[in-house]
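Notes follow once the structure below has been shown.
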C-alpha cells in the first residue's frame, strides 16, 4: 500500500511539472496554425527552453509540411492528455480540488485578452484568443464527460501517458526548463535558510556572551562587596 501511494505521489509530481509545457505546446500549435492559414508561408514561431517564463515555440519532433503538422489532431492529443491528467489528480491522487489545467487555460486566455486590449487591434491575437477559448471549452467538456462516467484510470496507464507526453520534444524541452527552474528555486531557498540559520546562531551567541558578561560583572561586584572593609 505504501509503495502504491508513493507511486501515485511521484506521478502527481511529474504531472505538475508538465502542466505548463503541455499548455504552451497547445498555444504554440495554435499560433503556427494561424500563421500558416493567414500567410501560407513556412514562417514559424520559435521558443527557447530556459528556466524563465515561457513564450511560443514550434514542435521540433514534427517534419515536413507545416499544414499537416500544425493541425487539430495535435491540439486534441494534448487536450485529451490534459483532461486525463486532471481527472487523475482530482479523482485518483486526491492531490487538489481545483483543476490546474483549467486554471492554466484561463491564464493564457487572460494573457491573450490583455494583448488584444492593450495594443493596436491585431487579427492574429484575436484569432489566437478565439482558438484558445474554443480549446478551453472543449477541454471543459472532456473533463465533464470523464467526471460524469467516473472514468477509471489505472496507474500504469498514467505512467505510460506521462512517458508519451514527455517524449514529445516540444514538451520535453520545456519540461527540462521547468524542472531546472524548480531546482534553482530549491537551491535559493536552501541558501536563504542556511544564511538565516547562521544569523540566528550568531545572534544567539552574542546574546549568550552579553548575558555571560553581565553575570560575571555581577559576580565581581558581589565579591568586591564582601571583600571590602566594613564601615
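The values are calculated or read from the model by the stated rules, or taken from the named source; none is laboratory data. Because the structure is predicted, anything quoted here is derived from the model rather than measured. Backbone-built Cβ (ideal geometry, glycine too); neighbour counts: all protein chains shown.
Quick look at the values:
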| read-out | value |
| --- | --- |
| Residues of segment 112-126 satisfying the condition of being without any contact (Cβ under 8 Å) to a residue 40 or more places away in the chain and either exposed (fewer than 13 other Cβ atoms within 10 Å of the Cβ) or touching a strand residue (DSSP E or B) at 6+ places or on another chain (Cβ under 6 Å) (or both) | 114, 117, 118, 119, 120, 121, 122 |
| Number of the condition not met by residue 133 [criteria: (1) outside any helix (DSSP H, G or I); (2) in contact with a helix residue (DSSP H, G or I) (Cβ under 9 Å, 6 or more places away or on another chain); (3) free of Cβ contacts under 8 Å to residues at least 60 places away in the same chain] | (1) |
| Residue in segment 169-191 that is surrounded by 10 or more Cβ atoms within 10 Å (Cβ to Cβ) and either outside any helix (DSSP H, G or I) or at pLDDT below 60 (or both) present | no |
| Counted residues, segment 92-111 - those being part of a helix (DSSP H, G or I) and either over 22 Å from residue 78 (Cα atoms) or in contact (Cβ under 8 Å) with a residue 60 or more places away in the chain (or both) | 6 |
